[in-house]
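Here's the structure, in structure tokens; my notes come after.
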Amino acid sequence: MKKKASPMIFAAMYFLLSLTPFSTVTGGQTLDAFHWGQPTEGVQISLSSNNSNGSDLIVALRNVGDHDVTLDLGYMMANGKVQLPAYISLNFTDAQGKRRTFKFADKKHPAVGGRLDDYVVPLRVGSMYTLKLTLDQFWCQETKEFEISLLPGKNRLTAEFQGSGARGVNLDMPGIKLMNFWLGKVESNPLVIER
């Protein structure tokens, strides 16, 4: 008698395949091209750009620790069809030395009209997860700037991730709050973009 594979097995396979085990990463960058910030409790974050004007960014997170962890990067809408890494922020120092923090805020989805789920990414030891982002997907609440505008001269960015437990615990997924979420705070290498 054959047993059918459970949906949990397919979900686990999907997450494992979504991690980046190969030496080449999207945008033509190799693993050797990434620069990393200092690790915090086994997790590191990298910030790089794959174009000369710096508008397209690659944020990578990797597990250099000795045990597997789970990251909550933000939230998902429409049962995972829209993934918003809301817990990634950019610390920006413009060419005039003015510093501020920009939070992720994709303008395509300014409001939520339905279910929200946690944006859960399992990160095995030695694994890496990459995100392609753009400067116009961030905003600064303090200064009411709705994108990062680079000034003539040297502009400096670092990416930051603040780990947390599950925040969107829905009635059909109460067990998500029991997962091994990484709870630290980590900052990337500096990325200098000259205009």
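The values are calculated or read from the model by the stated rules, or taken from the named source; none is laboratory data. Bear in mind that the values here come from a model prediction, so they are computed numbers and not experimental data. Because the Cβ atoms are built from the backbone with ideal geometry, glycine has one as well, and the counts that use them run over all protein chains shown.
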Which condition from (1) within 23 Å of Asn189 (Cα to Cα); (2) crowded, with 20+ Cβ neighbours inside 10 Å is the one that Tyr119 breaks? (1)
So which residues in the stretch 122-141 are of a type outside the set (Lys, Arg), more than 15 Å from the chain's Cα centre (by Cα), more than 20 Å from Asp56 (Cβ to Cβ) and modelled with pLDDT of 95 or more? Val125, Gly126
Quick check on my filter: what residues within the stretch 86-108 are in a strand (DSSP E or B) and either closer than 11 Å to Trp139 by Cβ or aromatic (Phe, Trp, Tyr) (or both)? Ser89, Leu90, Phe92, Arg100, Thr101, Phe102, Lys103, Phe104
Exception for Val125 within (1) under 22 Å from Val43 (Cα atoms); (2) surrounded by 17 or more Cβ atoms within 10 Å (Cβ to Cβ); (3) not basic (Lys, Arg) falls at (2)
Quick check, is Ala95 on the phi < 0 side of the Ramachandran plot and in contact with a Gly (Cβ under 6 Å, 6 or more places away or on another chain)? yes
Yes/no for Thr93 being touching an Asp or Glu at 6+ places or on another chain (Cβ under 8 Å) and hydroxyl-bearing (Ser, Thr, Tyr): no
Could you say which residue among Leu90, Leu150, Leu135 is touching a Lys or Arg at 6+ places or on another chain (Cβ under 6 Å), farther than 19 Å from Phe181 by Cα and in contact (Cβ under 8 Å) with a residue 40 or more places away in the chain? Leu150
